[in-house]
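All remarks here apply to the structure that follows.
The values are calculated or read from the model by the stated rules, or taken from the named source; none is laboratory data. Here the structure is a predicted model, which is why all the values come from computation and not from measurement. Cβ atoms come from the backbone with ideal geometry, glycine included; neighbour counts cover every protein chain shown. Accessible surface is based on the protein model in full, side chains and every heavy atom, while ligands, DNA and RNA are left aside. Shrake-Rupley method; radii C 1.70, N 1.55, O 1.52, S 1.80 Å.
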Amino acid sequence: MKISDNKATISFSNGDPSFEMPVYKGSIGPDVIDIRKLYGQTGMFTYDPGFLSTASCQSAITYIDGDKGELLYRGYPIEQLATNCDFMDTCHLLMYGDLPSVQKKKEFTHIVTHHTMVNEQMQFFMRGFRRDAHPMAVLTGLVGGLSAFYHDSTDINNAEHRDISAIRLIAKMPTMVAMAYKYGIGQPYVYPKNDLSYAGNFLRMMFGTPCEEYVVNPVLEKALDRIFILHADHEQNASTSTVRLCGSSGTNPFAAIAAGVACLWGPAHGGANEACLNMLGEIQRNGGVEKVGEFITQVKDKNSGVKLMGFGHRVYKNYDPRAKLMQETCNEVLAELGLENDPLFKLAKALEKIALEDDYFVSRKLYPNVDFYSGIVQRAIGIPVNLFTGIFAMARTVGWIAQLNEMIADPEYKIGRPRQLFTGSVRRDVPAADKR
Ligand code: SDX
């Protein structure tokens, strides 16, 4: 970052001394005001619940222009990556800063492929869960549990440990998500097969059985690979910020990623694709497209507590570029499977059209986000609704790791420890029990 010749001065109407703060410029995007000395100089904190105006770090990984609806991974537009690259290219790009050469990609893919198996003991973890446990509960447990198997790579301050942990997490997430699925349906686990692609391997571990050879459908394989690319990273979103804050204590990478999995589960974040599909299903059951107007009226009524899941975004105040690409993938997958008339897809498109013509959404700059169509694609592929966020976690693991490693490698980083505006009771004495 560069120090701007612009300065920020905070002055107080009560005559307290004003305070000057440096302004820094990034390569693109908003400048920042360095407030690190504010408390020391003024005895005051800034106040920004939800961090709407707060940059928590500097990063060179992903950039979003919310007004333009632009998403760049290490400078490359998501549209170009989704069209000209695959998920292994994207993992290498996010982790190491550039797209791999043909040889580098072969080496990277080989090492990831050869770490896809999990320790056989992991099966005993699984047995502790009920068969109907939510896959995200299982995944949170399994990812955290990985640190119990890899004592050789838990020192987050050791660059080699960070690198091998990154490979292990990227490689083993599909295996663990597929295991959570198989456990839930009472089918045997399917081991990874090293001659398949990352996405193809996942499809086989999900839908293959020991009873017959599983043939990977290339259209579904490409669709899943694109879903992974689109979900790989997204600046300092809630789960990435969770991973950074968790990792800032020096805990091991597996524990930090497990915290990210837990945060992503929330319906306001990665759980929105599951919530969106459930919302579409409910509208469909209540009458389908004819009932969309009624549903939109409910959404606009603040007291209803109903949100249009898959719509709106903290940063995008324009169409989420990932949603456009996801809609394209939706068309391809539904056509391949002969589901062009899928009622939920038609319903989603009708819902989007009506919302984008309604002033409530237009005035609040609410557009479809990545979760609006991703559920429909995954459902068409045969992925159960309660596993959608697990797929999101699988894809986002590389982003979480890249961001965590970037933080740890930053000599300026400290343990994160926000302050507060205290509004509770002032000091008071404990009354005797008979006086309470
Ligand atoms: C992801 O951060 C990331 O980058 C996340 C993510 C990633 O890749 O990591 O992009 C992935 O989490 C996408 C978002 C998925 N969540 C949803 O689709 C859930 C539905 N969306 C909302 O919950 C909401 O839009 C958020 C949480 C996504 C953003 O919320 P903000 O930025 O805090 O905005 P807000 O809630 O203050 O909304 C502003 C206004 C409010 O109305 P007013 O108080 O101004 O009258 O818009 C309304 C909100 O009530 N609003 C919605 C709405 N989203 C916002 N009203 C109806 N339906 C919605 N979906």
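Within the group E79, E107, E120, which residue is surrounded by fewer than 19 Cβ atoms within 10 Å (Cβ to Cβ), of a type outside the set (S, T, N, Q) and in contact (Cβ under 8 Å) with a residue 24 or more places away in the chain? Every option except E79 fails the conditions.
Quick grid of which residues meet (1) of a type in the set (K, R); (2) at pLDDT 95 or above; (3) within 16 Å of the ligand (Cβ to nearest atom):
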site: L169; (1), (2), (3): no, yes, no
site: P188; (1), (2), (3): no, yes, no
site: K193; (1), (2), (3): yes, yes, no
site: F202; (1), (2), (3): no, yes, no
site: N217; (1), (2), (3): no, yes, no
site: F228; (1), (2), (3): no, yes, yes
site: N237; (1), (2), (3): no, yes, yes
site: V243; (1), (2), (3): no, yes, yes
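For the range 390-419, how many residues meet the condition of being assigned to a loop (DSSP other than H, G, I, E, B) and either open to solvent by less than 70 Å² (accessible area, probe 1.4 Å) or in contact (Cβ under 8 Å) with a residue 24 or more places away in the chain (or both)? Give the steps one after another, and end with the answer.
Here is the first cut: in the range 390-419, the ones assigned to a loop (DSSP other than H, G, I, E, B) are 409-419.
If we keep only those that are either open to solvent by less than 70 Å² (accessible area, probe 1.4 Å) or in contact (Cβ under 8 Å) with a residue 24 or more places away in the chain (or both) too, we end up with 409-410, 413-416, 419.
Qualifying residue count, the range 390-419: 7.
Filtered by the rule that a residue be loosely packed, with under 13 Cβ neighbours inside 10 Å and in contact (Cβ under 8 Å) with a residue 60 or more places away in the chain, the range 26-49 gives Y39, Y47. Of the residues making up the range 33-45, none is of a type in the set (S, T, N, Q) and modelled with pLDDT of 95 or more. Once the range 264-278 is narrowed to residues that are of a type in the set (A, V, I, L, M, F, W, C) and within 10 Å of the ligand (Cβ to nearest atom), the residue that is most open to solvent (accessible area, probe 1.4 Å) is A268.
For the range 317-353, residues that are surrounded by 17 or more Cβ atoms within 10 Å (Cβ to Cβ) and touching an Asp or Glu at 6+ places or on another chain (Cβ under 7 Å) total 3. Screening the range 281-316 for residues that are open to solvent by less than 30 Å² (accessible area, probe 1.4 Å) and away from the ligand (no atom under 15 Å from the Cβ) and picking the one that is modelled with the highest pLDDT gives G281.
Pairs meeting the criteria (first residue in the range 226-245 and of a type in the set (G, A, S), second residue open to solvent by 10 Å² or more (accessible area, probe 1.4 Å) and near the ligand (Cβ under 7 Å from one of its atoms), beta carbons under 8 Å, at least 6 apart or on different chains) are A238/A268; A238/H269; S239/H269. The set of residues from the range 354-389 being in a helix (DSSP H, G or I), away from the ligand (no atom under 16 Å from the Cβ), open to solvent by 10 Å² or more (accessible area, probe 1.4 Å) and not small (G, A, S) comprises R379, I381, N386. Tell me yes or no: at least one residue of the range 30-48 is under 17 Å from the mean Cα position of the chain (by Cα) and among the β-branched types (V, I, T). Taking every residue of the range 30-48 in turn, none turns out to be under 17 Å from the mean Cα position of the chain (by Cα) and among the β-branched types (V, I, T).
Looking at (1) of a type in the set (D, E); (2) assigned to a loop (DSSP other than H, G, I, E, B); (3) modelled with pLDDT of 90 or more, which is the one condition that is false for E340? Going through the list (1) of a type in the set (D, E); (2) assigned to a loop (DSSP other than H, G, I, E, B); (3) modelled with pLDDT of 90 or more, E340 breaks only (3). Checked against the criterion of being closer than 26 Å to M95 by Cα and modelled with pLDDT under 90, the candidates G271, G247 yield just one match: G271. Is it true that E70 is of a type outside the set (S, T, Y) and without any contact (Cβ under 8 Å) to a residue 40 or more places away in the chain? No, not satisfied.
If we only count strands (runs of 3 or more DSSP E) wholly inside the range 1-112, which ones have 1 or more residues that are more than 30 Å from R322 (Cα to Cα) and among the acidic types (D, E)?
Working: elements: 2-10, 19-25, 62-65, 70-73.
Those strands (runs of 3 or more DSSP E) span 2-10, 19-25.
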